[in-house]
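Visitor: Once you've had a glance at the structure underneath, I'll fire off some questions.
The values are calculated or read from the model by the stated rules, or taken from the named source; none is laboratory data. Computed from a predicted model, the values in this text were never measured in an experiment. Cβ placement follows ideal geometry from the backbone for every residue including glycine, while neighbour counts extend to all protein chains displayed.
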Amino acid sequence: MFISKEVEALYYQYKDNPFGNKKDSRIESWLEILNRLPSILNAEVELVNEVSVDFDFKDSDKIERLLLHLIPWRKGPFRINDIFIDSEWDSEKKWKRFQKLNFDLDGKSILDVGSGNGYYAFRMLGMGADKVLCLEPNLIHVSQFSAINHFVNSENIRMIPERLEESGLENSKFDTIFSMGLLYHQRNPIEHLTNLKNLLADDGKIVLETIISPKECGLVLEPSNGKYASMPNVHFVHSDNGCKSIFRELSLQVQAESDLAVTNDKEQRSTKWMPFKSFESALNLQNKSITIEGYPAPKRKFYVLGKVS
Ligand SMILES: C[S@@+](CC[C@H](N)C(=O)[O-])C[C@H]1O[C@@H](n2cnc3c(N)ncnc32)[C@H](O)[C@@H]1O
């Protein structure tokens, strides 16, 4: 069974088609690309130090052309033979910050909420996770995940194209729940954390990663019109105190926390695989300590949270 009967039932409608019955004019062309990816034999899959697959196949250009149709690749990198999918974010940097927390994923059943294209979920398998369920409503990410898992070919990772609050998940319990880069996009952050907590096993842990505003902003910074560092839909950027005050309210105990990490143009930038505007349009070029809108520049932090017993 993949985690629970409820997860199996939810996944059933995406078993044969990763987009289920979603309506999007791009789905047909994505399915065509996925169907044209070559079958491979004797693949060597690496998920511990990177996400890569090596196999015998002469025409790498053909695969590269197909994968380039799935742009923008925001999370990665991935390597498929000699094709290096150099995504906008060097997501390994965030993963290394997580690994510094010495968190044990061995044998865990995991929910990765807002998983993007599954880059981190593949790395979770590389750290020994038993099963990873990804929830990701953005169908471009779902197309990329399907392409990468065509090569990785793991039965232990699944992606469902739904938002957490619309997924219908209620009764399943996960050992570890990741929410990375989501809190500041929520109109109701308390509801988001409550939803995570409700799906957590009693001794489970939430791994929360988010942008932190400085203490001068009080408990929370509320960007006007939801625009922050050129990102839309940023409703609340909590300070460390602001986060901890919500955790207390929800009886979530901080069991570990990382240092603050400043985002820079080595971690996020335009590439051939994401040729649009990127971090360079996020900050004030004359004063890189503030965003283009005049707010403190983004710093990110991990918290590991458990239920108060
Ligand atoms: C900023 S990205 C972060 C992606 C990845 N977790 C990371 O840390 O790099 C936020 C992702 O969450 C997804 N998302 C936003 N709201 C969501 C929700 N309510 N449930 C599940 N996913 C959501 C978005 O589609 C987007 O891919």
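Visitor: Please go through the stretch 80-89 and give me each residue that is outside any loop (DSSP other than H, G, I, E, B) and more than 10 Å from the ligand (Cβ to nearest atom), ordered by number.
Guide: If we filter the stretch 80-89 for residues that are outside any loop (DSSP other than H, G, I, E, B), which is where we start, we get 80, 83-85, 89.
Within the stretch 80-89, 80, 83, 84, 85 qualify.
Visitor: If the Cβ limit is 8 Å and pairs must be 6+ apart or interchain, which residue in the stretch 33-59 that is basic (Lys, Arg) pairs with which residue that is crowded, with 16+ Cβ neighbours inside 10 Å?
Guide: 36/66
Visitor: For the stretch 90-158, list the helices (runs of 4 or more DSSP H) that sit wholly inside it and hold at least 3 residues that are under 16 Å from the mean Cα position of the chain (by Cα), under 25 Å from residue 41 (Cβ atoms) and touching a residue at least 24 places away in the same chain (Cβ under 8 Å); which are they? Spell out how you get there, then give the answer.
Guide: On the way: elements: 91-99, 119-126, 139-152.
Because the criterion is at least 3 residues that are under 16 Å from the mean Cα position of the chain (by Cα), under 25 Å from residue 41 (Cβ atoms) and touching a residue at least 24 places away in the same chain (Cβ under 8 Å), the helices (runs of 4 or more DSSP H) in the stretch 90-158 that meet it are 119-126, 139-152.
Visitor: I'd like to know if the stretch 154-172 contains one or more residues that are under 23 Å from residue 74 (Cα atoms), more than 10 Å from the ligand (Cβ to nearest atom) and among the aliphatic types (A, V, I, L, M).
Guide: Among the residues of the stretch 154-172, at least one is under 23 Å from residue 74 (Cα atoms), more than 10 Å from the ligand (Cβ to nearest atom) and among the aliphatic types (A, V, I, L, M), which makes the answer yes.
Visitor: Against the conditions (1) modelled with pLDDT of 95 or more; (2) closer than 20 Å to residue 178 by Cα, where does residue 308 fall short? Just the number, please.
Guide: (1)
Visitor: Shifting gears a bit: Quick one: which residue in 307, 299, 244, 288 is free of Cβ contacts under 8 Å to residues at least 40 places away in the same chain, surrounded by fewer than 18 Cβ atoms within 10 Å (Cβ to Cβ), basic (Lys, Arg) and in contact with a strand residue (DSSP E or B) (Cβ under 7 Å, 6 or more places away or on another chain)?
Guide: Details: 307 fails: free of Cβ contacts under 8 Å to residues at least 40 places away in the same chain; 299 fails: free of Cβ contacts under 8 Å to residues at least 40 places away in the same chain; 288 fails: in contact with a strand residue (DSSP E or B) (Cβ under 7 Å, 6 or more places away or on another chain).
Step by step, each of 307, 299, 244, 288 is checked, and only 244 is free of Cβ contacts under 8 Å to residues at least 40 places away in the same chain, surrounded by fewer than 18 Cβ atoms within 10 Å (Cβ to Cβ), basic (Lys, Arg) and in contact with a strand residue (DSSP E or B) (Cβ under 7 Å, 6 or more places away or on another chain).
Visitor: Just one of the numbered conditions (1) farther than 26 Å from residue 30 by Cα; (2) more than 16 Å from the ligand (Cβ to nearest atom); (3) surrounded by fewer than 16 Cβ atoms within 10 Å (Cβ to Cβ) is not true of residue 191; which one?
Guide: Failed condition: (2).
Visitor: Of the residues in the stretch 201-219, how many are farther than 24 Å from residue 232 by Cβ and within 16 Å of the ligand (Cβ to nearest atom)?
Guide: The initial filter retains those residues of the stretch 201-219 that are farther than 24 Å from residue 232 by Cβ, namely 201-207, 215-216.
Subsequent filtering for residues that are within 16 Å of the ligand (Cβ to nearest atom) retains 206-207.
Looking only at that region, the number is 2.
Condition check ((1) more than 10 Å from the ligand (Cβ to nearest atom); (2) surrounded by 21 or more Cβ atoms within 10 Å (Cβ to Cβ)) across all residues:
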residue: 104; (1), (2): yes, no
residue: 107; (1), (2): yes, no
residue: 115; (1), (2): no, yes
residue: 118; (1), (2): no, yes
residue: 136; (1), (2): no, yes
residue: 139; (1), (2): no, no
residue: 174; (1), (2): yes, yes
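Visitor: Please find, within the stretch 225-241, the residue that is farthest from residue 191 (Cα to Cα) out of those that are surrounded by fewer than 20 Cβ atoms within 10 Å (Cβ to Cβ) and in contact (Cβ under 8 Å) with a residue 40 or more places away in the chain. Step through it out loud before you land on a result.
Guide: First pass over the stretch 225-241, keeping only residues surrounded by fewer than 20 Cβ atoms within 10 Å (Cβ to Cβ): 225-227, 230-233, 235, 239-241.
From what is left, the residues that are in contact (Cβ under 8 Å) with a residue 40 or more places away in the chain are 227, 230-231, 233, 235, 240.
Numbers: 227: 21, 230: 25, 231: 22, 233: 17, 235: 14, 240: 19 Å.
Only one residue fits best here, namely 230.
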